[in-house]
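Here's the structure we're looking at; comments come further down.
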Amino acid sequence: MKKATVFSLVRDQSVFMTAIMSLLTFLSVMTLGIAISISTGVVDWNAQWKTSATVQVTNQKSEPAVRKILNDNKTKIETLHEISESEMSDLMRPWVSGGNVLQNYLPKVWEVKFKSESDLRDMSKTISPHARFLTHASALHASMSAGWKMIMIAGLILALTLGTIAVCVSYIARNTAMLHKRELEILNQIGATDSFIARQMQIIVAKISACAGLIGFVAAVPVLLLVLSSAHSARVGLMAMLNITGVGWACLVILPILITIFAIWMTRRTTLKILQKD
């Protein structure tokens with residue numbers, strides 16, 4: 001036979017707490033999911049380009065020396081693509097005009113993917129005296145930095161959301177204790193301990209938080225999938241790399257559980273504080 005709780009939240013309180021906890025759980029899952037997807041994208045983006053570089057020769061006299069260096073070190077190169085004059089003209093046309101005169105000012109460019117980072121560093125030292133050696137990782141540093149800043153912002157929002165949960169739970173517990181002050185006095189008179197009374201509140205909050213956590217998670221998952229689908233459809237740089245791995249989804253599943261545990265702990269802490277104060 002189930003043991004009934006000694007007192008419970010009034011209907012308005014239950015509805016309010018379920019609604020606010022569902023919303024906050026939704027925001028928490030969304031924020032963490034976006035942070036995880038961006039961090040995965042940043043890591044994959046960096047890994048994709050960390051062995052790639054562009055070699056640019058602006059002085060035509062240096063071209064034979066650079067070409068010879070590239071040919072002599074083919075064992076260190078995985079792929080080598082020489083940008084043709086027509087490709088360079090197409091790339092520069094939106095910014096430079098001049099017809100055939102343009103050909104005299106276009107740099108000679110190779111896109112190189114090395115077999116390892118050490119090969120990239122060695123070739124950088126060899127080629128740099130003759131040409132401009134630009135690694136893709138350094139060229140994309142601004143995008144990477146923006147990605148990490150977005151992760152920090154998402155983390156801040158998550159922290160604020162959890163803080164809001166703490167405030168709401170604390171307020172509900174305090175308000176309920178005040179509302180049932182007469183019942184609490186009777187319980188104390190018949191020998192009920194503070195821990196027993198706090199446990200009654202914990203049971204109520206646990207049920208509401210678990211229900212709200214499920215609602216918030218179920219609502220957040222489709223939205224997250226829609227965000228990822230839209231990012232992949234964009235096919236633009238870092239956006240196309242956004243993803244949530246299996247470990248990421250596991251973290252998202254665990255988050256509502258942790259929020260529920262946090263709410264239960266916060267309820268006990270607040271209730272005991274009120275009882276001991278009285």
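Table for the structure above
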quantity: Under 5 Å, built H, 5+ apart or other chain: amide partners of Thr135; calculated: Thr54
quantity: Among the listed pairs Lys50/Lys108; Lys61/Lys108; Lys50/Lys76; Lys61/Lys115; Lys50/Lys115, those beyond 18 Å (Cα-Cα); calculated: Lys50/Lys108; Lys61/Lys115
quantity: 3J(HN,Hα) from dihedral phi, the range 266-275, Karplus parametrisation 6.51/-1.76/1.60, rounded to Hz, x for glycine, proline; calculated: 5, 5, 4, 4, 5, 5, 5, 4, 5, 5
quantity: Under the Karplus curve 6.51 cos²θ - 1.76 cosθ + 1.60, θ = phi - 60°, whole-Hz ³J(HN,Hα) for the range 148-159, x wherever Gly or Pro sits; calculated: 5, 5, 5, 5, 5, 5, 4, x, 5, 5, 4, 5
quantity: Under the Karplus curve 6.51 cos²θ - 1.76 cosθ + 1.60, θ = phi - 60°, whole-Hz ³J(HN,Hα) for the range 218-233, x wherever Gly or Pro sits; calculated: 4, 6, 6, 4, x, 5, 4, 4, 5, 4, 5, 5, 5, 5, 5, 5
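A short reminder: the numbers here are calculations on the coordinates, not readings from a lab. All of these numbers come straight from a predicted model, not from anything done at the bench.
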